[in-house]
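The values are calculated or read from the model by the stated rules, or taken from the named source; none is laboratory data. If you're wondering where the values come from, they're calculated on a predicted model, not measured in any experiment. As a convention, Cβ positions derive from the backbone with ideal geometry for all residues, glycine included, and neighbour counts pool all protein chains shown. Heavy atoms of the whole protein, side chains included, go into the accessibility calculation; ligands, DNA and RNA do not. Shrake-Rupley method; radii C 1.70, N 1.55, O 1.52, S 1.80 Å.
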Amino acid sequence: MSVCVVRAGFIRCCYKLALLSGTIWLRAVAIGASRWRTLALSVSLKMSKSAPTSPHSVELEDILEEAGPFGRFQLWQCGILLLPVIFTAFSNLCYVFTAGDVHYRCHVPECETAAEAVPFAPDWLRAAIPYEELPAKCDRYQPLPRNVTDETVFVCDADRFNQSVVERCSTLVFEDPSERTIVNEFNLTCNDNRWKVTLVGSVHSAGQFVSLAMTGLISDRYGRRWTLLLCVGMGAILANVRSFTTSYRAFLTLEFFEAMFGSTSYTTAFILMLELVEPKRRVIINSVILVVYVLAETVLGLLAMQFRDWRILSRVLFVPGILAIPLLLTTVESVRWLLTKGRQSTAVNILQRVAKINGRPPISQATLDEFCHHQRAKLERERNSGSTGKQSFVQLLGQTCKNRRLLLRVANCSFSWFTNAMVYYGLTLNSVTLAGDKYSNFIFVTLVEIPPSLAMNYILNRFGRRKTQCVSLVLSGVFCLLALTALKDFTWLKMSLFLMSKMAISLSFSTLYIYTAEIFPTNLRQSFISFCSMVGRFGSMLAPQMPLLQSFWAPLPMLLFGTVAILSGVLVLEFPETTDATLPNTIEEAVELRSPSKQAPAEAEKGTYSTPG
């Protein structure tokens, strides 16, 4: 009873800490941070630099400034849109516990009674079952025939078993009978069924892979807001239906479709949050999103610790997703998407609503008329150049294939995405296999992502993209390899190396999102980012299969993580440094891309952009 009370108190404290942290961050957004440099603004301003506009044109940023750069309206929108971020964290890593392995061993009828009421590790266990760090799961030593005329009490020791012969068993004893996952629910025990358990994570990543194309099509056709509602609602419904499945195949099918919807709302919510705030506040919004995502992963670990039955855990995690739909209906559509669809009147109504809720005077009709006129003219130009744009894209793609340097850059970037995804998710999934309590290990491994999320902006501006990407990858790989040396005999030191490796790969992954957007030409940028991200999904598909490799040779997963991360870190040095450099608009500019520090003075004056303080 005392253990339960302590655990419940611990969970309440962690919930209060998470809520307090979120409140502090949102307050920080409202107060402002004018000296923060925004990486998202850096990308957008560099892109706009090469496309000058009329000095009399009114842009969306001008309207947002007049309506209120960050007031009550944006604070409410950002607060509500953090809910899909939380649900995405639950969706992405829920299978760690719902399809997690459990500790069990063979029942030894010669030494114990019914399997339901016996201790998991009695003193005689090593004499009856093969032992490493834990007892073998489905193997036991062959018992020696007992002399029925011997009336002495049967003693369970090594003399009673033939330890040179190992046989399979059919009855199992579970360490924690209250812990229910699909392993014991659907009888997926022993090594013969291990591939079925690891397949769940790969199927989940496959669902995410499909969602990349699906979400883009839906959001472009029906809007960001309705895409968000669809993904959150369908993801929550499918996750709850999955909790009632009675077979492995049904579970696997729903796992795929739940991932296809439930894991895609993060990007949509991210875009909707950034579009309604002033540029200089976007970096702190980005930090808030990253921290909330990590705290949601931590809450997942705490809830899994409390609710050991996978069916109950799924309902606790995803029923709130259904209840959150009415709150999400209070959000507004992406103003930029409305403008691209020619719906200027709807966009203007939203901007007027922003000004009203923020306590600003209504935006003048003359300003709105000039804004709408400018947007209509821009749309007309795009429509007139639509056919030639498609042709030029094919031509540009052909030129890329002929350009060896840019082609190698695409391959190198794809390998970097693959490496980051495999190591990041591999370390997260392997955390539950470390010595000690798997729930605590999972929580610690997720919490170490907070420092890189907060320090990323300073590190990138201080040391640059290439150095940060290279050093973080190499450090992650070195820590993985050090965890295989004699240092692994010290449990605390092995855990520390594991956590430092996860911290380094988290910084690398966050940097990669920005770096990828800066090394490709404008007309091909989105295509190459999508391609590299899709290649990265293969890394996240491979990560859940690491337990199978571990069954062949225990150090193999960490050895693979370490060597691949170091190799990718070294190859990153082939990328150009892009800190404060103008984003390339053409293939030629992308090939010759260099940091301002590497350019001649005349070039640097002409082709650089400094992020505003």
By residue number, the members of region 472-524 that are under 30 Å from C401 (Cβ atoms) and free of Cβ contacts under 8 Å to residues at least 12 places away in the same chain are Y513
Going by the structure shown, is E278 at pLDDT below 85, out of contact with any Cys (no Cβ under 8 Å at 6 or more places or on another chain) and over 14 Å from F90 (Cβ atoms)?
yes
Which of the residues belonging to region 457-473 are closer than 21 Å to L571 by Cα and part of a helix (DSSP H, G or I)?
I459, L460, F463, R465, R466, K467, T468, Q469, C470, V471, S472, L473
For region 144-255, give me every one of the helices (runs of 4 or more DSSP H) that falls completely inside it and has 1 or more residues that are surrounded by 13 or more Cβ atoms within 10 Å (Cβ to Cβ), of a type in the set (K, R) and free of Cβ contacts under 8 Å to residues at least 60 places away in the same chain.
194-222
Condition test on F498, is it open to solvent by less than 40 Å² (accessible area, probe 1.4 Å), at pLDDT below 80 and not in a loop (DSSP other than H, G, I, E, B)?
no
Does A366 satisfy the condition of being over 35 Å from the mean Cα position of the chain (by Cα), open to solvent by 70 Å² or more (accessible area, probe 1.4 Å), at pLDDT below 90 and of a type outside the set (S, T, N, Q)?
yes
Could you check region 394-426 and list, in sequence order, the residues that are at pLDDT below 75 and open to solvent by 20 Å² or more (accessible area, probe 1.4 Å)?
V394, Q395, L396, L397, G398, Q399, C401, K402
Name the one entry in C94, C111 that is at pLDDT below 85, of a type outside the set (D, E) and buried (at least 18 other Cβ atoms within 10 Å of the Cβ).
C111
Taking region 305-350 and keeping residues assigned to a helix (DSSP H, G or I), under 18 Å from D62 (Cα atoms) and open to solvent by less than 40 Å² (accessible area, probe 1.4 Å) leaves V335, W337, L338, L339, Q344, A347, V348, I350
I need the full set of residues from region 353-367 which are in contact (Cβ under 8 Å) with a residue 40 or more places away in the chain and either acidic (D, E) or in a helix (DSSP H, G or I) (or both), in order please.
R353, V354, A355, I357, T367
If I ask for residues that are in a helix (DSSP H, G or I), more than 17 Å from R525 (Cα to Cα) and open to solvent by less than 60 Å² (accessible area, probe 1.4 Å), which ones from region 572-591 would you list?
V572
